[in-house]
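For reference, the structure is listed below as structure tokens.
The values are calculated or read from the model by the stated rules, or taken from the named source; none is laboratory data. Note that the coordinates shown come from a computational prediction; the quantities given were computed from them, not determined experimentally. Positions of Cβ are backbone-derived with ideal geometry, glycine not excepted, and every protein chain shown enters the neighbour counts.
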Amino acid sequence: MTRRLFTGLAALCSAILCGLAGIPPAAAEEQAFRIGIAPHTSARVIIEQYQPVRRAVEAALGRPVEIVTAPDFTAFARRAVDQDYDIAVTTGHQAQLLREDAGYLPLLTYKSDFRAVVVTAAKGPYRTAASLAGTTVLGLSPSSLVTLWGQHWLADGKLPDIQLRYVSAADSVAQLILAGDASAGFMSRANRAKLAPEVQAQLSTIAESGPMAGRVYMLNGKASALAEPLRKALFAFGETAEGKSYFDVNQLGGYRPVTDEELAAMEPLADEVRRVLKAGK
């Protein structure tokens, strides 16, 4: 009898412990809302730069919010497609991919134009597109918008024997060019402006794209009920002193709605990202 009672109690305790293990973490500590930022610069800079946005979203949701990124644009796209982010902030071509292929919803974008630039060392020998023939040129990853634009720019110029090398961030592009390890590199105009003044002074811009759909806030479709509250909260943040300072420091101009038409215009480049993901690069 005693043995049966002990066995029954042990089984009951085991069941209770298993049940406790199955309780969602929210019962003790709510899971953080994840805002994924495409890796346009180093992770340290991204996390620091987006703290005002994190605080605004955290206040609106009343739950913890964390800023995360990825090693490169391809990894970021793959993680976003795999639903790793509650909000993904990425350039228009990946935003279009996430809208069409992964059920994300566009929230808003920035007012400032997004443009890609080709930079070289100001005191170096590479002053024109033709001078880049037979050299190494740097991009951010096979699926970044500035790299895809740059590759088309190189192809349009019919420049022979270009070796394209991928690096992690815009500041790395600048460092390698100034060290003489590459002739030129692609980055966004905004990231060029974020480089240290002494680094900017040593760079020359030899080509610039037209305006393209820049960083777009895309909401995971599983959180669609939050679309309007988050949109309103972010626009309200933009009117605060902290929001205005955030826009000024990062030269973003404020928030604005993003249209279906400007995302649809990015479909050809979104398709290039699909090919990169399919190839497993």
Does at least one position in the range 96-119 carry a residue that is over 30 Å from Ala233 (Cβ atoms), of a type in the set (Ser, Thr, Tyr) and buried (at least 16 other Cβ atoms within 10 Å of the Cβ)? no
Condition test on Gly62, is it at pLDDT 95 or above and loosely packed, with under 12 Cβ neighbours inside 10 Å? yes
Scan the range 230-251 residue by residue and report those that are loosely packed, with under 12 Cβ neighbours inside 10 Å and within 25 Å of Glu100 (Cα to Cα). Lys232
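Farther than 21 Å from Leu145 by Cβ, out of contact with any strand residue (DSSP E or B) (no Cβ under 8 Å at 6 or more places or on another chain) and not assigned by TED's automatic domain parsing to the domain that holds His40, is that true of Ala169?
No; evaluated as a whole, the condition is false for this residue.
Each row is one residue, and each column tells you yes or no for (1) without any contact (Cβ under 8 Å) to a residue 12 or more places away in the chain; (2) in contact with a Lys or Arg (Cβ under 8 Å, 6 or more places away or on another chain); (3) within 16 Å of Thr120 (Cα to Cα); (4) not charged (D, E, K, R).
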{"site": "Gln202", "(1), (2), (3), (4)": "no, yes, yes, yes"}
{"site": "Gly221", "(1), (2), (3), (4)": "no, no, no, yes"}
{"site": "Leu226", "(1), (2), (3), (4)": "no, no, no, yes"}
{"site": "Glu272", "(1), (2), (3), (4)": "no, no, no, no"}
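A quick yes/no check of all residues on (1) charged (D, E, K, R); (2) out of contact with any helix residue (DSSP H, G or I) (no Cβ under 8 Å at 6 or more places or on another chain); (3) in a loop (DSSP other than H, G, I, E, B); (4) in contact (Cβ under 8 Å) with a residue 24 or more places away in the chain:
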| residue | (1), (2), (3), (4) |
| --- | --- |
| Gln96 | no, no, no, yes |
| Glu100 | yes, no, no, yes |
| Val119 | no, no, no, yes |
| Val137 | no, no, no, yes |
| Ser141 | no, no, yes, yes |
| Trp153 | no, yes, no, yes |
| Lys158 | yes, yes, yes, no |
Taking the stated definitions as given, is Ala190 within 20 Å of His40 (Cβ to Cβ), touching a residue at least 40 places away in the same chain (Cβ under 8 Å) and in a helix (DSSP H, G or I)? yes
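Of a type in the set (S, T, N, Q) and closer than 25 Å to Tyr50 by Cα - does that describe any residue in the range 203-213?
no
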Which numbered condition Arg215 misses (of (1) among the charged types (D, E, K, R); (2) surrounded by 18 or more Cβ atoms within 10 Å (Cβ to Cβ); (3) farther than 28 Å from Ala60 by Cα): (3)
